[in-house]
Every structure is written in C-alpha cells, then in structure tokens.
1. State whether the residues of the range 139-157 include one that is more than 16 Å from the ligand (Cβ to nearest atom), touching a strand residue (DSSP E or B) at 6+ places or on another chain (Cβ under 6 Å) and farther than 30 Å from residue 112 by Cα.
2. Only one residue in 60, 93, 74, 103 is outside any helix (DSSP H, G or I) and buried (at least 18 other Cβ atoms within 10 Å of the Cβ). Which one?
3. Does residue 176 satisfy the criteria of being within 16 Å of the ligand (Cβ to nearest atom) and farther than 20 Å from residue 78 by Cα?
4. Restricting to the range 197-213, name every residue that is free of Cβ contacts under 8 Å to residues at least 40 places away in the same chain and either within 16 Å of the ligand (Cβ to nearest atom) or surrounded by 17 or more Cβ atoms within 10 Å (Cβ to Cβ) (or both).
5. Has the range 124-134 got any residue that is within 19 Å of residue 235 (Cα to Cα) and more than 14 Å from the ligand (Cβ to nearest atom)?
6. From the set of residues in the range 232-252 that are farther than 22 Å from residue 185 by Cα and either modelled with pLDDT of 80 or more or crowded, with 18+ Cβ neighbours inside 10 Å (or both), which is farthest from the ligand (Cβ to nearest atom)?
Ligand code: SF4
C-alpha cells in the first residue's frame with residue numbers, strides 16, 4: 001500500500017483562516033457560486049479546475065468560474081483513448097471562452113510498458129488490468145500535474161449521488177493524497193437535473209455524445225450509451241461490479257488501500 005505523500009511545506013502555506021473555514025464545515029451552507037468566489041479569492045492563480053469534457057459538471061463549473069474570473073485555470077487529462085467528440089469539445093470551449101486549456105498527457109514510457117505487457121485492450125481482461133491502465137493514463141498524470149502546477153487548490157465536479165463511493169464528498173477538504181492541497185467540490189450536493197438546468201439556462205457547451213445516450217464520456221473503449229432510466233454509471237466499465245467502478249482520481253490512498 002502506497003503511503004499518501006503530504007507536502008508539509010505546502011500545508012504551511014494554507015493560511016490558518018482557510019484551515020479554520022474547512023474544519024468548521026461552513027462551506028456546507030454556501031452555494032456553488034459562493035464557494036467558487038471564496039476559493040478564487042484565497043487561491044487564484046494557484047487554483048485549477050479538473051474538467052474531463054465528458055460530463056456536464058466540469059463544464060458548468062468552467063462556465064461559473066469564467067464568469068467570476070476569466071483568467072481561471074482549467075486542465076484536462078488526455079489519456080490518449082478519448083473519443084473524437086471530446087477533442088472537438090475541448091477546442092470548442094477554447095474558442096468560446098478564449099481560454100487556454102492545460103492538457104496533461106501520460107508518460108510515454110508508462111504507456112509503452114503497459115501496452116507491451118498487457119496489450120492494447122488490457123482493460124477488459126481483469127479489474128487489475130483495468131486499474132493498471134487507469135493508473136498509467138489518469139492517476140499518475142493527475143498526481144504529476146497537481147504536484148507540479150504550482151497550485152494551492154483544485155476544483156472538481158464530484159457529486160454525492162453519482163456513485164456509492166461518493167456519498168460522503170465534502171464541499172471543501174484537504175486532499176492528503178495530493179500533497180495537502182485544498183480540494184473544492186462546489187456542486188457536491190447538486191442533482192443531475194440541477195446540472196442540466198444550468199447547462200440549458202446558460203447555453204454551456206457539452207459533449208455531443210450525451211445526446212446519443214452517454215451519461216458520461218470517458219475513454220472510448222470504456223464508455224457506452226445506456227437506455228433511458230438505467231443507472232448512469234452503467235455506461236462506464238459496465239463489465240465490472242459497481243463498487244470497483246472508480247478510476248482512482250478521487251480516492252484517498254490512505255483510506256482505500258491501493259487507492260484505485
Ligand atoms: S478508462 Fe479505460 S482506457 Fe481510460 S485509462 Fe481507464 S482503463 Fe484505460
């Protein structure tokens with residue numbers, strides 16, 4: 001089991017009032033807008049939004065953050081297996097918001113090793129192989145970006161009702177798996193309907209595959225359309241049990257063993 005890496009110097013940089021705010025649970029009663037204003041005020045420009053461009057949540061937050069601070073930062077993990085629709089959306093968003101998107105790639109040597117030992121489609125073979133692929137293409141790049149992008153905080157579109165593994169997601173927390181950064185989840189208490197209402201109201205660009213039945217769009221070989229009324233998560237890693245369907249990006253290694 002890998003121990004979480006906590007950067008003590010970075011923790012010292014978190015001002016005491018910020019820590020007090022997080023510990024008081026005061027964020028729970030704030031709106032998403034209020035939380036974003038709080039974190040932009042306290043961390044900008046050392047603040048970046050994680051946006052997959054495969055779910056409306058990240059794009060809603062991108063729109064909200066851009067309205068508050070047009071210089072707000074956003075990054076995406078390009079696993080090398082994303083569908084064309086996602087690449088098209090990244091460029092569309094870049095044009096619409098006149099925003100530079102920080103695209104993060106996996107290490108070439110990791111992907112070469114993965115493919116040489118497991119084949120190009122190893123993710124269908126076993127949970128273990130699928131997790132190896134997610135580690136090389138997503139988890140390592142995320143860890144590397146968060147450690148090297150001069151950040152004090154990062155923002156995610158996690159929602160509590162997305163999965164059984166996310167029901168306890170706080171709106172603001174200390175991310176011990178990523179050097180003690182502040183992790184901000186402003187729409188943790190939002191429903192899917194509320195996300196879609198925001199998209200419609202503000203004309204937020206979203207992935208065109210949603211209109212073809214994909215509730216969320218990840219890597220092309222690991223995402224599929226679902227029937228109306230089916231569990232939205234059944235469109236991702238559908239060949240696995242529901243309790244293993246996490247890519248490891250949001251799992252605390254200390255609490256969850258391997259973290260993936
Ligand atoms: S979602 Fe699938 S293709 Fe993408 S990194 Fe994970 S296992 Fe690999």
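The values are calculated or read from the model by the stated rules, or taken from the named source; none is laboratory data. Since this is a predicted model, take the numbers as computed values, not measurements. Note that each Cβ is placed from the backbone with ideal geometry, even for glycine, and that neighbours are counted across all protein chains shown.
1. Looking through the range 139-157, at least one residue is more than 16 Å from the ligand (Cβ to nearest atom), touching a strand residue (DSSP E or B) at 6+ places or on another chain (Cβ under 6 Å) and farther than 30 Å from residue 112 by Cα.
2. Details: 60 fails: outside any helix (DSSP H, G or I); 93 fails: outside any helix (DSSP H, G or I); 103 fails: buried (at least 18 other Cβ atoms within 10 Å of the Cβ).
Result of the check over 60, 93, 74, 103: 74.
3. no
4. Taking the range 197-213 as the starting set, the residues that turn out to be free of Cβ contacts under 8 Å to residues at least 40 places away in the same chain are 197, 200-201, 203, 211-213.
Once the filter is applied, which keeps residues that are free of Cβ contacts under 8 Å to residues at least 40 places away in the same chain and either within 16 Å of the ligand (Cβ to nearest atom) or surrounded by 17 or more Cβ atoms within 10 Å (Cβ to Cβ) (or both), the range 197-213 yields nothing.
5. There is no residue in the range 124-134 that is within 19 Å of residue 235 (Cα to Cα) and more than 14 Å from the ligand (Cβ to nearest atom).
6. By that ranking, first place goes to 234.
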